[in-house]
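Worksheet: the structure to be examined is printed underneath.
The values are calculated or read from the model by the stated rules, or taken from the named source; none is laboratory data. For clarity, every value in this text was computed on a predicted model and none was experimentally measured. Positions of Cβ are backbone-derived with ideal geometry, glycine not excepted, and every protein chain shown enters the neighbour counts. Calculation scope for accessible area: heavy atoms of the full protein, side chains included, ligands and nucleic acids excluded. Shrake-Rupley method; radii C 1.70, N 1.55, O 1.52, S 1.80 Å.
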Amino acid sequence: MTVALSTASVYPESTATAFEIAARLGYDGVEVMVWTDPVSQDIEALRRLSDYHGIPILAVHAPCLLITQRVWSTDPWVKLQRARAAAEKLGASTVVVHPPFRWQRQYARDFVTGIWRMANETDVRFAVENMYPWRYRDREMLAYAPDWDVTNDDYRHFTIDLSHTATARTDALGMIDRMGDRLGHVHLADGRGSAKDEHLVPGRGTQPCAELLERLVHTGFDGHVVIEVNTRRAMSGAEREADLAEALEFTRKHLAAAAVRVPRR
């Protein structure tokens, strides 16, 4: 099972830095977060980085964040078309996409059928990611539509993010059960249930990261496990790399331990 590094994990460092770190630490590949860094938007620049470092691009995260509302067009469908084209040209198997914000009314209304339509036009997986309610003190706002819990809608493939399950205060393993064999992609991180999307190094929060990895092995999961953690508070490049090395070691350790326990068929 491949273990990749999300380029978001080195923020505020650059996309190019993520490739360098992934190669140095021994990751199997990268997921490119398309954001305001011009390199993340440039297919040829990404191809050169992949070739230079010998690190394949396994997934493309479409620009769905608030800070990327104008990246690759203001039309959300154009963003997904460009993400698909990038994935196809770069040899990535998956496009990660968030459900729409509620104020994107027309996009949200057509989202489920539109994702199916796009998925039928390519071999690239469109893996829709679970999100969470936004909270402030004792108030909760449902910011995503049709739903932050993507298992309430019909998608061909899902991405599960364990930082998001922590923020949503939902049962991660129960969500995986509901996703079933449509689970196509994993963002591995941790969280403590804060209202903030924490993206802690796996093992530093309350989420069942080890149990999830064991479940993936036992069910024959054929997607990618992507480390997507927050290293913005790292005081140095060495501290950031130490966090990313710890995350990789945790993931491979638990995948290997689960593989040993899988009975021979």
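What's the number of the condition ARG137 fails, among (1) surrounded by fewer than 21 Cβ atoms within 10 Å (Cβ to Cβ); (2) in contact (Cβ under 8 Å) with a residue 12 or more places away in the chain?
(2)
Taking the condition of being without any contact (Cβ under 8 Å) to a residue 12 or more places away in the chain and under 18 Å from GLU20 (Cβ atoms), how many residues in the stretch 191-236 meet it?
Result for the stretch 191-236: 2.
Out of the residues in the stretch 192-220 that are touching a Leu at 6+ places or on another chain (Cβ under 7 Å) and open to solvent by less than 60 Å² (accessible area, probe 1.4 Å), state the one that is farthest from GLU129 (Cα to Cα).
Ranking the candidates gives VAL217 first.
I'd like to know if the stretch 98-117 contains one or more residues that are aliphatic (A, V, I, L, M) and within 16 Å of VAL60 (Cα to Cα).
Yes, some residue in the stretch 98-117 is aliphatic (A, V, I, L, M) and within 16 Å of VAL60 (Cα to Cα).
If a residue has to be closer than 24 Å to ASP197 by Cα and of a type in the set (A, V, I, L, M, F, W, C) to count, how many in the stretch 112-139 make the cut?
Going through the stretch 112-139 one residue at a time, the tally reaches 5.
Restricting to the stretch 221-244, name every residue that is surrounded by fewer than 16 Cβ atoms within 10 Å (Cβ to Cβ), among the small types (Gly, Ala, Ser) and closer than 23 Å to GLY191 by Cβ.
ALA242
I need every pair where a residue in the stretch 39-56 that is more than 14 Å from THR17 (Cα to Cα) has its Cβ under 8 Å from the Cβ of a residue that is of a type in the set (S, T, N, Q) and modelled with pLDDT of 95 or more, sequence separation at least 6 or different chains.
PRO56/SER50
Looking at the stretch 1-19 only, could you name the residues that are out of contact with any Phe, Trp or Tyr (no Cβ under 8 Å at 6 or more places or on another chain) and in a strand (DSSP E or B)?
Result: SER6, single match.
Only one of ALA86, ALA92 is open to solvent by less than 50 Å² (accessible area, probe 1.4 Å) and either of a type in the set (S, T, N, Q) or not in a helix (DSSP H, G or I) (or both). Can you tell me which?
So the residue among ALA86, ALA92 that is open to solvent by less than 50 Å² (accessible area, probe 1.4 Å) and either of a type in the set (S, T, N, Q) or not in a helix (DSSP H, G or I) (or both) is ALA92.
Please identify the pairs in which a residue from the stretch 16-27 that is under 16 Å from ARG252 (Cα atoms) has its Cβ atom under 8 Å from the Cβ atom of a residue that is of a type in the set (Phe, Trp, Tyr), counting only partners at least 6 apart or on another chain.
Pairs that qualify, where the first residue is under 16 Å from ARG252 (Cα atoms) and the partner is of a type in the set (Phe, Trp, Tyr): there are none.
Within the bounds of the stretch 110-117, is there any residue that is crowded, with 18+ Cβ neighbours inside 10 Å and of a type in the set (Asp, Glu)?
no
Among residues belonging to the stretch 56-71 that are at pLDDT 95 or above and open to solvent by 10 Å² or more (accessible area, probe 1.4 Å), point out the one that is farthest from the chain's Cα centre (by Cα).
PRO56
Going through the stretch 1-47 one residue at a time, which ones are charged (D, E, K, R) and open to solvent by 10 Å² or more (accessible area, probe 1.4 Å)?
Hits for the stretch 1-47 are GLU13, GLU20, ARG24, ASP28, ASP37, ASP42, GLU44, ARG47.
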